[in-house]
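Comments concern the structure below.
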């Protein structure tokens, strides 16, 4: 595939992950307002979050497998189409049950997104720029989260909260049109149609290194789910911020995430090009990230909301370094025809942890506030790094493996 065409497609992968996080973050920003309108407690809100995480978790695994079977082009198109319809359904909600059902459908659509984005980036870009491509494709999620607060506040001011959900659906449909145009003129093989059968779940799960990836994600994903779904509520309840203030501040941690997601991928590639093995380069950067994450505990003790946001930004900065290298390390380890399945299984494992944590966070916050949650979040990335470090080292594929 020509280099310029490959990077056009990777840019569209960036846009797809941006839309994914934009769509899911709209509810997080609007949570204080919707909880008041629908009379929801923190525990009730946690069940709405659970509905999304449940379907997202299942479809992360099934969607990864589906992407390996159908190819990135069709798999991702189906994903964005479903979640755009789900975004529209939020505008019709009249209570917690309808809101929860819309979130469930959103999770069904968004589940395949990241396995597909990772698979496409690995297939279309050469090995020497692999981590940059993966970090860029997945880094759109952070910029979607950056845009979500100000755009949601703006849309809500113009059209009401229902109009905010309609706007995200329209953006998804526009992306679908651009995605189809981008493949015009490409041969079928270069359009990421599957060229060989993909292995089943059992074959991928039989590999010890994949199981360690899954176990690590079980530890660190709840932290990101907490930041994604609960920070606006924390700022409203504990810091007394208005919806406008939340919109003006919550983009900052996600901007830090987006910058490091892309930059860390480039640094990782440079280390590999200078003689480091891919595993050594990825693991070194992940260790540096894990050592930064205890800043999360300091956020809850900060004297001002601005200081708390700054400390939360440190954790998200570290997460960007971590996730870019973690996902790329999976691509370094498994064959190209099982990337979607492997990434999907790790995401599903993290989603299970996210579901359990979502159900726990609501009651904990109602009884004890946010401090215990921030404390636990400070410890989980170091634990995840140890899981990956103490296991038998995975065999790194030879150059060219995993490319279309």
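Given 49, 80, 29, 58, which one is in contact with a helix residue (DSSP H, G or I) (Cβ under 6 Å, 6 or more places away or on another chain), farther than 24 Å from residue 249 by Cα and in a helix (DSSP H, G or I)? Lay out the reasoning, then the answer.
Values: 49 fails: farther than 24 Å from residue 249 by Cα; 29 fails: farther than 24 Å from residue 249 by Cα; 58 fails: in contact with a helix residue (DSSP H, G or I) (Cβ under 6 Å, 6 or more places away or on another chain).
Every option except 80 fails the conditions.
Name the single residue, out of those in segment 270-284 being within 24 Å of residue 141 (Cα to Cα) and surrounded by fewer than 23 Cβ atoms within 10 Å (Cβ to Cβ), that is nearest to the chain's Cα centre (by Cα).
Here the residue is 283.
Which residue out of 271, 257, 292, 235 is free of Cβ contacts under 8 Å to residues at least 40 places away in the same chain and within 27 Å of residue 356 (Cα to Cα)?
Of the residues listed, the single one that is free of Cβ contacts under 8 Å to residues at least 40 places away in the same chain and within 27 Å of residue 356 (Cα to Cα) is 292.
Right, residue 128: surrounded by fewer than 24 Cβ atoms within 10 Å (Cβ to Cβ), closer than 24 Å to residue 59 by Cβ and over 12 Å from the mean Cα position of the chain (by Cα) or not? Outline the logic, then answer.
On the way: surrounded by fewer than 24 Cβ atoms within 10 Å (Cβ to Cβ): yes; closer than 24 Å to residue 59 by Cβ: no; over 12 Å from the mean Cα position of the chain (by Cα): yes.
Answer is no for this residue.
Across segment 231-277, what is the number of residues that are outside any helix (DSSP H, G or I) and either in contact with a strand residue (DSSP E or B) (Cβ under 6 Å, 6 or more places away or on another chain) or closer than 17 Å to residue 313 by Cα (or both)?
Matching residues across segment 231-277 total 2.
Check 136, 143, 165, 159 and return the single one that is farther than 21 Å from residue 79 by Cβ and in a helix (DSSP H, G or I).
Being farther than 21 Å from residue 79 by Cβ and in a helix (DSSP H, G or I) holds for just one of 136, 143, 165, 159, which is 159.
Look at residue 191 and say whether it is over 25 Å from residue 31 (Cβ atoms) and at pLDDT 95 or above. Steps first, answer last, please.
Numbers: over 25 Å from residue 31 (Cβ atoms): yes; at pLDDT 95 or above: no.
No: the conditions fail for residue 191.
Select from segment 348-389 the residues that are over 22 Å from the mean Cα position of the chain (by Cα) and not in a helix (DSSP H, G or I) and write down the one among them that is surrounded by the most Cβ atoms within 10 Å (Cβ to Cβ).
370
Would you check which residues across segment 64-86 are surrounded by fewer than 22 Cβ atoms within 10 Å (Cβ to Cβ) and at pLDDT below 90 and list them?
69, 70
Working carefully through the options 121, 61, 91, find the one that is surrounded by fewer than 20 Cβ atoms within 10 Å (Cβ to Cβ) and touching a residue at least 12 places away in the same chain (Cβ under 8 Å).
91
Which of (1) at pLDDT below 90; (2) over 27 Å from residue 331 (Cα atoms) is the odd one out, the single condition residue 142 does not satisfy?
Condition not satisfied by residue 142: (2).
The values are calculated or read from the model by the stated rules, or taken from the named source; none is laboratory data. Computed from a predicted structure; not experimentally measured. Because the Cβ atoms are built from the backbone with ideal geometry, glycine has one as well, and the counts that use them run over all protein chains shown.
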